[in-house]
Amino acid sequence: MKYLLSVLVGAMSYGILSTIVVLAYGEGYQLGEVVGTQLLTGCILAWLLALYTRVKETRKQRSQGITKAAAKKALPRMTWKQRLLLMMAGAPTVVTGLLYYQSLRYIPASLAIILLFQFTWISVLIQAVSKRQRPDKITVLTLLLLFGGTLLAAGVLGEGAAGFNMLGIALGLLSAVSYSMFIIFSGKAVPAVHPAYRSAWMVTGGFVLLCILFPPYFLFNGLLWGQLLLFGFLLGLFGAFIPPVLFAIGVPHIGGGMAGILGAAELPVAVLLSSFVLKEHVSGLQWAGVVLVLLGVVLPELYNMRRRGLKTVTSA
């Protein structure tokens with residue numbers, strides 16, 4: 001149960017971000033300042049966790065009577081090639097954040113999160129094209145549910161597409177593409193390294209890229225010591241620190257399929273906060289769309305669980 005709760009809380013943490021960003025925009029802060037303080041906070045927290053992990057490992061080795069030389073052979077240091085790979089794998093998270101947060105300037109937060117959630121079928125499409133495999137029937141049904149749920153949740157059927165800012169919609173969809181690339185690449189980047197170290201180097205890579213795209217003037221012009229620090233801390237805590245740590249704890253024990261189901265908790269949390277905190281109107285038809293999207297996310301794993309159960313019964 002604790003591993004299930006770990007992944008669930010991590011997913012719900014992601015759902016808080018859009019509301020915090022909109023509030024930060026309302027105080028007059030710009031995109032680079034918001035994302036910059038988020039990654040700065042996330043970077044500091046990630047390296048503190050990595051340091052704590054290192055100290056914990058060292059103490060464990062000393063308690064077992066392992067010498068420094070033996071410890072180095074058992075746990076070899078990361079090469080710079082591995083570090084650079086992890087830093088490059090963290091780059092898509094910055095692109096995702098920039099596109100997603102910028103979309104919030106043009107469209108409601110409840111719509112932006114729904115567009116970001118299109119990474120579910122985009123990931124399937126990318127893998128199908130790269131492997132040259134046609135999706136099976138359950139995957140096609142899932143994609144139809146996701147597409148239909150998106151139309152309802154976005155309010156397209158109620159208001160029509162003309163009622164939305166097309167630039168905001170394009171940015172939201174591009175954030176989903178970027179997030180799909182992150183999911184694909186992050187799992188392949190130096191998987192043997194401890195999650196704490198992987199997370200630290202990936203966040204560092206993202207922060208370096210952001211500093212290139214948006215020079216961090218907020219570090220020197222005094223903005224950091226105002227409300228921006230609070231917004232950045234909350235975004236870094238709920239976006240760049242808590243979810244990766246909790247996922248690293250829970251996912252190995254519950255499996256990727258169940259993690260995908262629990263990860264869908266991000267969507268209703270974001271829509272709920274948009275409705276109650278930002279006072280955005282969410283109709284009953286849109287809530288029905290949210291339910292359809294969630295059903296599309298959990299359907300493949302429910303199907304796989306049923307198949308595994310039938311195989312178990314047959315073999316018995």
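Worth a mention:
- Counting every other Cβ atom within 10 Å of each residue's Cβ, 280, 27 order from fewest to most as 27, 280.
- Label-to-label distance, residue 60 versus residue 221, with points set 7 angstrom from Cα along the beta-carbon direction: 4.6 nm.
- Ranked list, fewest to most other Cβ atoms within 10 Å of each Cβ, for 209, 167, 299: 167, 299, 209
- Peptide packing: for 105-117, 224-236, the average count of neighbouring Cβ atoms within 10 Å per residue gives the ranking 105-117, 224-236, highest mean first.
- Here the calculated FRET efficiency for residue 9 and residue 140, from their Cβ-Cβ distance with R0 = 30 Å, stands at 0.40, rounded to the nearest 0.05.
Computed from the coordinates by the stated procedures, all read-outs in this text should not be read as laboratory data. Owing to the predicted nature of the structure, the values given are computational and were not obtained by experimental measurement. Cβ coordinates were reconstructed from backbone atoms using ideal geometry, including for glycine residues, and neighbour counts include every protein chain displayed.
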